[in-house]
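A short reminder: the numbers here are calculations on the coordinates, not readings from a lab. Treat the numbers as computed from the prediction; the structure is a model and nothing was measured. Glycine gets a Cβ as well: all are built from the backbone with ideal geometry, and neighbour counts include every protein chain shown.
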Amino acid sequence: MRRMAMFFVAAAVFSVVGATVLFWTLATALGSPDTVGNVARGVGLLVVLYGFLLAARSLRRLAAPLGDVIEAVGHVADGDLSTRVRERGSREARALARAFNAMTSRLEAGEEQRRRLLADVSHELRTPLSVVQGNLEALVDGVHPADEAHLEAILDETKILSRLVEDLRTLSLAESGALALHREPVDVGVLVRETVDSFASQAEPAGVLIDAAVPSGLSQVDADPVRAREILANLIANAIRYTPRGGRVSVEASAEAASVAIEVRDTGAGIAPDRVDRIFDRFYKSPESRGAGLGLAIAKQLVEAHGGAIGAKSVLGKGTDIRFTLPAEPPSDPRG
């Protein structure tokens with residue numbers, strides 16, 4: 001007797017979970033409307049079940065990458081910022097994994113920067129605090145007399161501490177975008193000449209010649225005059241510090257399309273090519289420097305807060321040239 005057979009396989013997520021085989025005679029199938037209806041309903045049910053299992057498998061494939069991200073979030077919440085997610089699954093799932101990995105990379109870098117900052121601050125504070133403590137203990141124990149010289153030594157160290165704290169505050173505000181700038185038109189010629197003149201007493205004992213060149217008719221800049229002077233002062237102080245006796249520090253200003261450029265050039269020892277890009281990092285300094293290594297970092301942040309740019313060029317044995325720009329003051333409208 002001829003028989004008709006239908007073979008259905010139910011596939012779960014990763015394996016076959018069962019099979020259903022239906023047999024019936026051709027005469028029965030054609031001769032009984034009820035049987036035909038039952039078979040049709042059975043086939044329909046199996047088709048629905050098969051579709052459901054396929055959908056479940058697809059959902060599982062979509063959900064697996066999301067599960068990876070959820071698990072990784074838990075690791076990050078526990079403090080493991082090195083956690084990364086494997087990119088797999090749909091395009092959207094891979095994009096989510098990339099975004100998560102980028103986020104954890106930034107968090108890890110930020111945490112490392114925070115740790116370095118704490119270590120650097122602790123190191124910079126330790127020296128002046130030790131000097132202050134040692135001098136005070138010597139005064140208390142009667143080792144040193146409480147005369148003007150010893151008291152001035154203590155006062156000098158407290159000034160170093162105060163400057164360090166203020167520099168850290170300025171740097172923090174600038175990096176977070178919270179630094180308030182009181183902008184106004186600033187005459188670049190006056191800015192350069194007054195700042196250079198203020199360093200004469202420091203340059204002369206060091207045997208360093210310092211000069212300035214500002215062309216007439218130079219546009220004013222739109223800047224905070226106090227912060228603009230701080231930028232230039234930090235660069236000049238740094239240049240004098242690394243210029244040997246008999247060297248020169250030159251400050252020049254020039255006009256650009258929509259800004260004014262100021263250059264501080266020295267004839268010092270220069271900087272190695274692999275270190276030039278690092279001189280604007282906070283606490284980065286040469287081993288022989290007594291400074292805190294914050295001056296150039298502050299200058300960079302202040303320049304960028306004004307919407308300007310700063311960069312350095314250096315040749316070992318010949319000197320360093322640091323150049324920054326500040327936005328020019330827009331010309332006044334004659335109709336106004």
request  = Run the quick spin-label model on S172 and T127: label points 7 Å from Cα toward the beta carbon, then report their separation in nm to one decimal.
outcome  = 2.2
inquiry  = Taking the alpha-carbon distance from K313 and a cut-off under 20 Å, which aspartates and glutamates remain once sequence neighbours fewer than 8 residues away in the same chain are dropped?
reply    = D211, E252, E256, E263, D266, D274, D277, D281, E304, D321
query = Assigning unit charges at the beta carbon (Lys, Arg +1; Asp, Glu -1) and nothing else, what dipole magnitude in debye, to the nearest 20, does the range 120-176 show about its Cα centre?
reply = 160
query = Where does each of 199-207, 255-263, 321-329 land if you order them by average Cβ count within 10 Å, highest first?
reply = 321-329, 255-263, 199-207
key: Per-selection metrics, the range 120-176 (Cα): Rg and Dmax in Å   = 14.2, 47
key: Spacing of the two label points (7 Å from each Cα toward its C-beta) at L66 and L218, in nm   = 6.1
message = Need one number: nm distance between label points at R98 and V140, each 7 Å from Cα along Cα→Cβ, rounded to one decimal.
response = 6.2
remark   = Ordering 230-243, 208-221, 98-111, 300-313 by per-residue average of other C-beta atoms within 10 angstrom, highest first, gives 230-243, 300-313, 208-221, 98-111
inquiry  = I want the local charge near P215. Using Cβ-Cβ distances under 14 Å, sum +1 for each Lys or Arg and -1 for each Asp or Glu among the other residues.
reply    = -3
query = Hey, could you pull the Cα Rg and Dmax for the range 111-229, both in Å?
reply = 20.2, 63
note = Rounded to whole angstrom, the alpha-carbon centroid of the range 302-325 lies from that of the range 243-258 at a distance of 11
